[in-house]
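Here is the structure we will look at.
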Amino acid sequence: MNTQHLKNVLFFILLVSLAIVGRLTPHLPNFTPVAATALFAGFIFQSRVVALLVPFVAMAISDKVIGAYDYRVMAAVYASFMFPVVFGNPLKRHCSAFRVLGSSAVGSAVFFFVTNWAVWYFGQAYSRDWNGLATCYVVALPFLKYTLGGNLFWSMIVFGTYYLAVSGWAQLARTRVVQACNYA
């Protein structure tokens, strides 16, 4: 197994594990690392299929523990967590804290609109008209702040940890080169 393949396997396991643990431990509503791990997967993996599998596998495993709900709403939730993967690819060309936060915010908005539309359309709680749809979105606004906060927080944790690890390794390598040159 080559080094890059091993790194990919380790990143996959770490990202899926973080998302699962984040969903299964007590947390504020929607304040989980799933979207952040999806965004990072889109950034770190060359294969879009592998990147898409990160949120899918994490959701599938954690839903086995949490339990299922209306499969149509679940499909909307899963699809919404696939969306941040798309934003991860442009971050490969130019990654900055601003772009990570922007991508996280857009992912939060997509999640909010898609999943609440599914709750309105497939559920029985709201009337099937514009008023019912508007009511559904208004009732869901408190969840939006947690979704947005969680996505921003976890994206900064995941990308920040990666940045610190990479820059720390680079600094360590430079230090060793300098030390080696000093001893030569």
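Bear in mind that the values in this text are calculations on the coordinates, not laboratory data. None of these values were measured; they are calculated from a predicted model. Cβ: placed from backbone, ideal geometry, glycine included. Neighbour counts: every protein chain shown.
List of remarks:
- Angle in degrees between helix 3-24 and the longest Cα principal axis of the chain, rounded to the nearest 10: 40
- Here, the chain is characterised by an Rg to Rh ratio of 1.08, where Rg is the alpha-carbon radius of gyration and Rh the Kirkwood radius.
- Taking every C-alpha pair closer than 8 Å and separated by at least 6 residues, the mean separation divided by the residue count of the range 3-156 gives a relative contact order of 29 percent.
- 0 to 90° range, to nearest 10: angle between helix 130-183 axis and the chain longest Cα axis: 0
- Between residue 98 and residue 47, the modelled label-to-label distance comes to 3.5 nm, taking each label 7 Å out from Cα in the direction of the beta carbon.
- Only helices enter the 222 nm calculation for the chain: every DSSP H run of n ≥ 4 contributes -39,500 (n - 2.57), and dividing by all residues gives -30000 deg cm²/dmol, rounded to 500.
- Residue with peak Gaussian network fluctuation, the chain [Cα springs, cutoff 10 Å], from 154, 130, 120: 130
- Counted by neighbouring Cβ atoms within 10 Å, the residues 25, 37 run from fewest to most as 25, 37.
- In order through the range 65-75: 3J(HN,Hα) via Karplus (6.51 cos²θ - 1.76 cosθ + 1.60), integer Hz, x for Gly, Pro: 7, 5, x, 9, 9, 3, 4, 6, 5, 4, 4
- For the range 81-131, the percent of C-alpha pairs falling in each 10 Å distance bin, counted from 0 to the bin holding the largest distance, reads 23, 37, 21, 15, 3.
- Its Kirkwood hydrodynamic radius, worked out from the mean inverse distance over all distinct Cα pairs, puts the range 109-157 at 11.4 Å.
- Across the options 65, 37, 90, the greatest Cα extent toward the positive end of the charge dipole of the chain (unit charges at beta carbon of Lys, Arg, Asp, Glu) belongs to 90.
- Dipole of the chain, positive direction: furthest Cα of 126, 100, 141, with charges on the beta-carbon: 100
- Placing unit charges on the Cβ atoms only, positive for Lys and Arg and negative for Asp and Glu, gives the chain a dipole magnitude near 520 debye about its Cα centre.
- Ranking of 167, 17, 80 by count of other Cβ atoms within 10 Å, fewest first: 167, 17, 80
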